[in-house]
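The values are calculated or read from the model by the stated rules, or taken from the named source; none is laboratory data. Model, not experiment: these values are computed from the prediction. Positions of Cβ are backbone-derived with ideal geometry, glycine not excepted, and every protein chain shown enters the neighbour counts.
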């Protein structure tokens, strides 16, 4: 790494961030494209198949981060990053010609290598900045994750234009070709405006595998599994989520999804800066706590529950002489009933933040019927309605996106600090673990939705994972404070 920054440092940072943003835009294209094709009836894919198509690019982009990181440490970011851009534009281009689930899946796996650009960019960027600036630099580089927001925001409108508002569905095939062309152009720009740089001490492949024995790497990987894996998963999953759970058009769903993914990418830079200034321990405590609270609030679905309520019994023996919605009359004695509210609480009415509970009684007897004292004459009905308003939901999603964005910057602060000579390998390994979250979550979400029929089942899983991360993180910090000298209290964990 350099001892001080230079103009070239910032040029490399800009090109890395720009190329990474384009790669991430391509990496998550299936979130919009697959949703559009299924919604238009072009392909009849189940929710599980959709989950696989969303997850396969994330899988390849994750598992190849480790080898891409190793290759970057060996041959330099300019060589590896540009080669990756040129390779990925090929399967992206041929995606336009597929007509089956299998071919769509295979090509999705191949162009998914754009996600592996993260490991190359991390290693390449770190070599151009001194240690005390790397948290901020890597945080700025991480702004490239906002590429997911670009796809969520732009791709639906492009599809609408290319298909002539749905009149010519086959126009969708131009979208992956446009993405392929952009990847090719960025590859050329990367070659022209970057300069290769290698670590001063180049290690053998066996030496590069050594960090995998350190439990710290796997712990960082779990944290990144949450903050990055969930970010990637929901950057795609939220599009069908809004379309199906809130009946929104694809363009609106894409816009609201961009409100989640864009801030997450931008706030990653803030996370790196906060980690440089205050330490990642404080940052990650806040991230895990906020993730627990927000994911809990997002668990509750829009729902309408009916339950037996408080009924009314006859207060005398006799014959029923009159029955209305307001009362039951037994030989001149009127028994008043609670009426059902005329107002209907749905998403098109006023915004309801808290659940609305309504109770009423319905007659179960008829005129002329003989009843005895304490016999039920009107059953009780209780209705609980929770609106889960789309704007409140979007606001909470916006906040949790910011939370995860800050967490991404916080986690990656430690890689060049603890592994200065294996940034590409360790960054790649942690990125693999985080990216695997982006692969597994859409598939798990699909199965959970298929099993429960409830879209918010995905947030239940995130709530549990947030609790696990917080518990492990807190136990490590507590153990460190109890076993080391008091002067280490402000550090995340002991070095070594």
**Item:** Unique residue being in contact with a helix residue (DSSP H, G or I) (Cβ under 7 Å, 6 or more places away or on another chain), buried (at least 24 other Cβ atoms within 10 Å of the Cβ) and not in a helix (DSSP H, G or I) when the list is 124, 129, 141, 118
**Value:** 129
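Return yes when residue 416 is assigned by TED's automatic domain parsing to the domain that holds residue 277, surrounded by 17 or more Cβ atoms within 10 Å (Cβ to Cβ), modelled with pLDDT under 85 and within 22 Å of residue 219 (Cβ to Cβ) and no when it is not.
Details: assigned by TED's automatic domain parsing to the domain that holds residue 277: yes; surrounded by 17 or more Cβ atoms within 10 Å (Cβ to Cβ): yes; modelled with pLDDT under 85: yes; within 22 Å of residue 219 (Cβ to Cβ): yes.
It is true that residue 416 is assigned by TED's automatic domain parsing to the domain that holds residue 277, surrounded by 17 or more Cβ atoms within 10 Å (Cβ to Cβ), modelled with pLDDT under 85 and within 22 Å of residue 219 (Cβ to Cβ).
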**Request:** Go through (1) touching a strand residue (DSSP E or B) at 6+ places or on another chain (Cβ under 8 Å); (2) assigned to a helix (DSSP H, G or I) and name the single condition residue 258 misses.
**Result:** (1)
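Based on this model, can you work out whether residue 356 counts as touching a residue at least 40 places away in the same chain (Cβ under 8 Å) and under 30 Å from residue 310 (Cα atoms)? Show your work before the answer.
Working: touching a residue at least 40 places away in the same chain (Cβ under 8 Å): no; under 30 Å from residue 310 (Cα atoms): yes.
Answer is no for this residue.
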**Asked** If you check residue 249 against the conditions, is it modelled with pLDDT of 85 or more, surrounded by fewer than 23 Cβ atoms within 10 Å (Cβ to Cβ) and in contact with a helix residue (DSSP H, G or I) (Cβ under 9 Å, 6 or more places away or on another chain)?
**Response** yes
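Being over 23 Å from the mean Cα position of the chain (by Cα) and either in the same structural domain as residue 478 (by TED's automatic domain parsing) or part of a strand (DSSP E or B) (or both) is the requirement here; does residue 310 meet it? Full working, then the answer.
Values: over 23 Å from the mean Cα position of the chain (by Cα): yes; either in the same structural domain as residue 478 (by TED's automatic domain parsing) or part of a strand (DSSP E or B) (or both): yes.
Yes.
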**Request:** From 451, 385, 470, grab the single residue that is surrounded by fewer than 22 Cβ atoms within 10 Å (Cβ to Cβ), under 21 Å from residue 232 (Cα atoms) and more than 17 Å from the chain's Cα centre (by Cα).
**Result:** 470
